[in-house]
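Comments concern the structure below.
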Amino acid sequence: MRELIASICSGFTEFTAPESTVDNPIGWPGYEDSRRRAQERTGERESVACGAGKIGDVEATVVSFEFGFLGGSLGSRTGDRLEAAFTRARELGTPVVSLVATGGSRMQEGMAALSQLQRIAAQLALTRKAGLPLVSVLRDPTTGGGWATLGAGADVVLALPGAQVGFAGSRVRPPGDHDAYNAEAQFASGHVDKIVEPAGLPDELARWLKLLTGADGRPPEPPAALGAKTLPETGWDAVRAARAPGRPHADAYLDAYFDWRCDVSGDRCGGVDPGVRCGFGSRGGVTIAYAAQCGTATLPSGFRTAARLVRLADRLRIPVLTLVDTPGAANDAAAERAGAGPSIAELFGAIAGASVPVTTLVIGEGGSGGALAFAAPGRTWVTPDSYFSVTSPEAAAAILKRRDDQVPATANQLRLRPQDLVELSVARGIV
């Protein structure tokens, strides 16, 4: 544990541990001896050490677990230390980095131990309310209440390769798919933002803390157009330009706009949409959050991930850039079962309720409500090779019972060209 702290944090100063009168709350036989042996074996007085130091260029509060001390379990004294550390972080105004390695609540303390999860949850809530970032690193193992509070409750969740991660510990799981209980599976299911090799962890944490504390509050400028510079003559021309195979997509725009960036991943509900990019980027030393569609039909998990990103950015006072590019929301049976409507409503609500400025650029297709959910009212721009429409020309023709050869004429009637959108006050301008 101490080696890990030293590798990521310079000038670490441990907080004074609070005095505790709790010793053996339920009279577990031999508990005092177990604690004494754990202290002799690890050199630690409890399963967690807390202090302050510098990670990269950012002062941070660091919470680190010692798994060798009774399995890194959470007991009453652990709760005392964590509560004091989070309180001190709010006093200092520093982000909190939790290096988690725990088997869960300490059995030898019974419900006195389990109730520490409520204390931890309260401290997380207070720290979020204070607008301070929370970053967790999932080490091996991260299970039980440690995963369900400090681990999964962070804003950004990083994990070491192969780490055991799951609410159920290895000795209490039902037989079956044990591959679900690791960092890679949690990443694939949208519960972890990134798998980080141990050697790269110091730099990764430094990058994240720099991003999460680096906003200046100014509205983002829309990116410059990377594709066609000529406006389309007809609505059908606009549709064809937006669907052109060689047109630049979100990754090209994000790479051109930011000096460097870090993605978040997943909706924290079991889903990842590969057609949506969300995260934080640095532009001229200033942090801007982004949520971008990549040209595919957006899944419910994509809308939920974007909503998660917007809410986090709003809490941390980080302005947001969104890029619109989708033929529409996924509308198959699987999408309906996964909550297409509620997830779109969630993103509409997140953007509508954001107190930070949100800037939108339509870079390709703007297909109906699935595109509009990503757009900022009053701060939307368009590129010359984009369109925005109440529905696709093909869908409009089908609804009106028109023949396929009438689709181009229908596109013209929809007034979906970039210049139409400006005239209709849907867009502020063409970049």
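The values are calculated or read from the model by the stated rules, or taken from the named source; none is laboratory data. From a predicted model like this one, the values you see are computed outputs, not experimental measurements. As a convention, Cβ positions derive from the backbone with ideal geometry for all residues, glycine included, and neighbour counts pool all protein chains shown.
Of the candidates Leu158, Leu201, Leu211, the single residue that is in a strand (DSSP E or B) and not small (Gly, Ala, Ser) is Leu158. The single condition among (1) more than 19 Å from Gly217 (Cα to Cα); (2) without any contact (Cβ under 8 Å) to a residue 40 or more places away in the chain that Ala352 does not satisfy is (1).
Checked against (1) of a type outside the set (Phe, Trp, Tyr); (2) within 22 Å of Val239 (Cα to Cα); (3) in contact with a helix residue (DSSP H, G or I) (Cβ under 7 Å, 6 or more places away or on another chain); (4) not in a strand (DSSP E or B), Ser343 meets all criteria but (2). Just to be sure, is Val407 touching a helix residue (DSSP H, G or I) at 6+ places or on another chain (Cβ under 9 Å) and in contact (Cβ under 8 Å) with a residue 60 or more places away in the chain? For Val407, the condition - touching a helix residue (DSSP H, G or I) at 6+ places or on another chain (Cβ under 9 Å) and in contact (Cβ under 8 Å) with a residue 60 or more places away in the chain - is met. Kindly establish whether Leu160 is of a type in the set (A, V, I, L, M) and surrounded by 22 or more Cβ atoms within 10 Å (Cβ to Cβ). In short, no. Among the residues of region 316-339, those identified as over 24 Å from Val239 (Cα atoms) and buried (at least 21 other Cβ atoms within 10 Å of the Cβ) are Leu316, Ile318, Pro319, Val320.
Applying the set (1) crowded, with 24+ Cβ neighbours inside 10 Å; (2) in contact (Cβ under 8 Å) with a residue 40 or more places away in the chain to Thr78 leaves exactly one unmet item: (2). Of all residues in region 227-259, those satisfying the criterion of being over 20 Å from Pro408 (Cα atoms) and not assigned by TED's automatic domain parsing to the domain that holds Gly367 are Gly227, Ala228, Lys229.
Residues to consider are Ala228, Ala292, Ala224, Ala241; find the one that is assigned to a helix (DSSP H, G or I) and within 28 Å of Arg417 (Cα to Cα). Sole residue among the options that is assigned to a helix (DSSP H, G or I) and within 28 Å of Arg417 (Cα to Cα): Ala241. Among the numbered conditions (1) over 15 Å from Ile351 (Cβ atoms); (2) surrounded by fewer than 24 Cβ atoms within 10 Å (Cβ to Cβ), the only one that Leu312 does not meet is (1).
Residue count for region 109-134 satisfying the condition of being part of a helix (DSSP H, G or I) and either assigned by TED's automatic domain parsing to the domain that holds Ala289 or loosely packed, with under 14 Cβ neighbours inside 10 Å (or both): 5.
Applying a threshold of 6 Å to beta carbon distances and a minimum spacing of six or more residues, or different chains, the list of pairs starting in region 145-167 at a residue that is among the acidic types (Asp, Glu) and ending at one that is assigned to a strand (DSSP E or B) reads Asp155/Leu134.
Inside region 59-110, residues that are closer than 16 Å to Glu14 by Cα, among the polar types (S, T, N, Q) and in contact with a strand residue (DSSP E or B) (Cβ under 7 Å, 6 or more places away or on another chain) make up a count of 5.
Table: residues versus (1) in a strand (DSSP E or B); (2) assigned by TED's automatic domain parsing to the domain that holds Ala241; (3) within 29 Å of the chain's Cα centre (by Cα); (4) at pLDDT 95 or above.
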{"site": "Glu365", "(1), (2), (3), (4)": "yes, yes, yes, yes"}
{"site": "Asp385", "(1), (2), (3), (4)": "no, yes, no, yes"}
{"site": "Glu394", "(1), (2), (3), (4)": "no, yes, no, no"}
{"site": "Ala398", "(1), (2), (3), (4)": "no, yes, no, no"}
{"site": "Val422", "(1), (2), (3), (4)": "no, yes, no, yes"}
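Can we say Gly302 is assigned by TED's automatic domain parsing to the domain that holds Asp255, without any contact (Cβ under 8 Å) to a residue 60 or more places away in the chain, among the small types (Gly, Ala, Ser) and crowded, with 21+ Cβ neighbours inside 10 Å? When the stated conditions are applied, Gly302 passes them.
Please verify whether Arg218 is in contact with a strand residue (DSSP E or B) (Cβ under 8 Å, 6 or more places away or on another chain) and either surrounded by fewer than 13 Cβ atoms within 10 Å (Cβ to Cβ) or part of a loop (DSSP other than H, G, I, E, B) (or both), treating the condition exactly as stated. Considered against the rule, which asks whether it is in contact with a strand residue (DSSP E or B) (Cβ under 8 Å, 6 or more places away or on another chain) and either surrounded by fewer than 13 Cβ atoms within 10 Å (Cβ to Cβ) or part of a loop (DSSP other than H, G, I, E, B) (or both), Arg218 comes out as yes.
One residue stands out among those in region 1-33 that are part of a helix (DSSP H, G or I) and surrounded by 15 or more Cβ atoms within 10 Å (Cβ to Cβ): the one that is nearest to the chain's Cα centre (by Cα), which is Ile8.
The residues of region 135-155 that are in a strand (DSSP E or B) and surrounded by 24 or more Cβ atoms within 10 Å (Cβ to Cβ), listed by number, are Ser136, Val137, Leu138, Arg139, Pro141, Thr142, Thr143.
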